[in-house]
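Each remark here refers to the structure printed beneath this line.
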Amino acid sequence: MSENVRIVEKEKAPSGATLIFGFPDVGLVGLIAASHLVDQLGLTEVAYVDSPLLPPLIVLHEGLPHSAMRIFAGHDIVLAVSEVPIPTDMIYPIMDALIEWGRSKNVKMMISLSGIPIQDRQDAVELKAFAAASSPETLKVAKDSGIEVLMEGYMVGPQAVVLQRASKYGSPALTLLAQCFYNYPDPEAAAEVLKSLAKVTAVKVNVAKLLEKGEEIRLRARDVMKRTQQEMSRMKKGQEYDIPMYVS
Amino acid sequence: MLEKKKRRSFDFIDAYFEDFERWVERMDEMFTQKPCWNLRNCTMEPLREINMTATEVIVTADLPLTEESTVQVRPIDNSLEISAKMRRKLRLHELGISQYQGEIEKFRCHVHIPVPVNMDKMGIKYKKGILEVHLPRKR
């Protein structure tokens, strides 16, 4: 495990589950989707991320301290979620620790939930979702489920590390990306990515509440989005817009 | 000798840009260390973005829980004042803030427009709670 990052288990986390990541990123798609999963499936906190390299920050829930990066479990999934953006220089150590922890739990697949920003998002009637995978076999799972493949391009952020490491270890990993706003919280995109998750796993949740409460979620997510914007700029997230020059 | 001199000049430019980047970061941090809400006038600053193309400046703002009829965009010199009334008053504890008491009923912010524009040719669009203001650039 990464030297300076510890995954502290409060309860025994299940083995052989699907490990899902929901971190703050474009449109907060992953975080909003993860929060909805915790709420709808009644997932319980089983572990948290501890590191002296992280800012001295805790999240208070009902007067009690919690790590901002926690792991929830239930319904055959293990869900890693962060309520604050991961500092750019901590992405590798934290993701390495989480991936290593997941491998020690023999997770059957790792799935990152995130977004892919589009211009004139507010004019989009239907949002599309895309997938990228760590191997051709895993990519086939997404294709066979009717999810469009993100054929070329750059990926920046925690989900990039997951695919890179999973590919190296030969572990199955998928990234699901829903079209979204870049700088504004996007509950509709979170609903879309959860629909894609339901296609590739047995994790099926009703997204009606997410859509119904969309405006309130946007309001509550305002400050996390603002902090995330700053971190995305540090990690040069805009590179995802670049025209790729693929060397074959 | 000439090459050495050149290298020194490039080092100077690099150092200048590094200093500038640090300054921008510091300013950024400084201006974000305040709450987005103001209890005195019951307002919240919306998330907003400014984009520039060759022909126009596009300002967008995220205004959830608002009605289009209450949105106001007022040009003031080289900036825009954006405001919009929320459909209902929101108590801070509804937003998960329990250490302060108060209500938010309006979005309000000022957006500085960094290049000359024709304010009188401003175009406004509002969809799904996203305000979009188009300002043609002066030539």
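The values are calculated or read from the model by the stated rules, or taken from the named source; none is laboratory data. Predicted model only: the values in this text are computed from it and were never measured. Quick reminder, even Gly has a Cβ in these numbers, built from the backbone with ideal geometry, and neighbours come from all protein chains shown. SASA here: full protein model, heavy atoms, side chains in, ligands and nucleic acids out. Shrake-Rupley method; radii C 1.70, N 1.55, O 1.52, S 1.80 Å.
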- line: Quick calc: nm separation of the 7 Å Cα→Cβ label points for A:Lys12 and A:Tyr154 -> 4.6
query: Under unit Cβ charges (Lys, Arg +1; Asp, Glu -1), what dipole magnitude, rounded to 20 debye, does segment B:37-136 have relative to its Cα centre?
result: 340
- request: Return the single residue from A:Met90, A:Met232, A:Met109 with maximal mean-square fluctuation; model: Gaussian network over chain A, springs between Cα atoms under 10 Å.
  value: A:Met90
statement: Per its Cα gyration tensor (rounded if a/c is under 1.5, else prolate when a/b beats b/c, else oblate), segment A:77-193 is best filed as oblate
- prompt: Once amide H atoms are placed 1.01 Å from N in the peptide plane, what residues at a sequence separation of 5 or more from A:Cys180, or on another chain, have their amide H within under 5 Å of its amide H?
  reply: A:Ile116, A:Ile118
Whole-Hz couplings from phi, Karplus 6.51/-1.76/1.60, listed for segment A:177-188; x for Gly and Pro: 10, 9, 4, 7, 6, 7, 9, 10, x, 10, x, 4
message: Tell me the carbon and sulfur percent of the accessible area for the protein assembly as shown, rounded to whole percent, probe radius 1.4 Å.
response: 52
statement: Residue-ordered couplings for segment A:233-238, obtained by feeding phi - 60° into the Karplus form 6.51 cos²θ - 1.76 cosθ + 1.60 and rounding to whole Hz (Gly and Pro as x), are 5, 5, 8, 6, 4, x
- prompt: Name the residues of segment A:72-103 whose amide N is less than 12 Å from a point 7 angstrom out from the Cα of A:Thr44 along the C-beta direction?
  reply: A:73-75
- prompt: Residue by residue through segment B:53-66, which ³J(HN,Hα) values in whole Hz follow from phi under the Karplus form 6.51 cos²θ - 1.76 cosθ + 1.60 (θ = phi - 60°), with glycine and proline marked x?
  reply: 10, 5, 10, 8, 10, 10, 10, 10, 9, 8, 10, x, 6, 10
- prompt: In deg cm²/dmol and to the nearest 500, what is the mean residue ellipticity at 222 nm of the protein assembly as shown if only DSSP H runs of at least 4 residues count, each as -39500 (n - 2.57), divided by the residue total?
  reply: -9500 deg cm²/dmol
statement: Of the listed links A:Lys128/A:Lys209; A:Lys10/A:Lys209; B:Lys85/B:Lys138; A:Lys108/A:Lys143; A:Lys12/A:Lys108, those spanning more than 25 angstrom between alpha carbons are A:Lys10/A:Lys209; B:Lys85/B:Lys138
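Just in segment B:64-132: which trypsin sites (Lys or Arg not before Pro) are loop by DSSP and have at most 10 other Cβ atoms within 10 Å? The partial results should precede the final answer.
Numbers: sites: B:Lys85, B:Arg87, B:Arg88, B:Lys89, B:Arg91, B:Lys106, B:Arg108, B:Lys121, B:Lys125, B:Lys127, B:Lys128; in loops: B:Lys128.
Nothing satisfies the criteria.
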message: Going by amide H atoms built from the backbone, whose H comes under 5 Å of the H on A:Ile20, apart from near neighbours?
response: A:Val78, A:Leu79, A:Ala80, A:Ile111
message: Classify segment A:155-230 from the C-alpha gyration tensor, please: rounded if a/c falls under 1.5, else prolate or oblate depending on whether a/b exceeds b/c.
response: oblate
message: Only protein chains counted, 1.4 angstrom probe. Which residues of segment A:153-190 are at least 30 Å² less accessible in the assembly than when their chain is isolated?
response: A:Asn183, A:Tyr184
field: Relative contact order %, segment B:37-136, counting alpha carbon pairs below 8 Å whose residues are six or more apart
entry: 33
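Rounded to the nearest 100 Å², what is the sum over both chains of accessible area buried where B meets A, with a probe of 1.4 Å?
2300
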- request: Between the alpha-carbon centers of segment A:37-82 and segment B:87-122, tell me the distance in whole angstrom.
  value: 30
task: With a/c under 1.5 counting as rounded, go ahead and sort segment B:37-136 into rounded, prolate or oblate using the C-alpha gyration tensor (a ≥ b ≥ c being the square roots of the eigenvalues; past the cut-off, prolate if a/b is larger than b/c, else oblate).
output: prolate
Relative counts (whole %) of C-alpha pair distances in segment A:1-85, using bins that are 10 Å wide: 17, 51, 31, 2
- prompt: For chain A, what's the relative contact order in percent, using C-alpha pairs closer than 8 Å and at least 6 residues apart?
  reply: 25
- line: Amide H neighbours of B:Val57 at under 5 Å, excluding residues fewer than 5 places away on the same chain, with H built from the backbone geometry, are B:Leu135, B:Arg137
statement: Share (percent) of C-alpha pair distances in chain A greater than 35 Å works out to 6
query: What average count of beta carbons from other chains do you get within 10 Å of the Cβ of residues in A:109-122?
result: 1
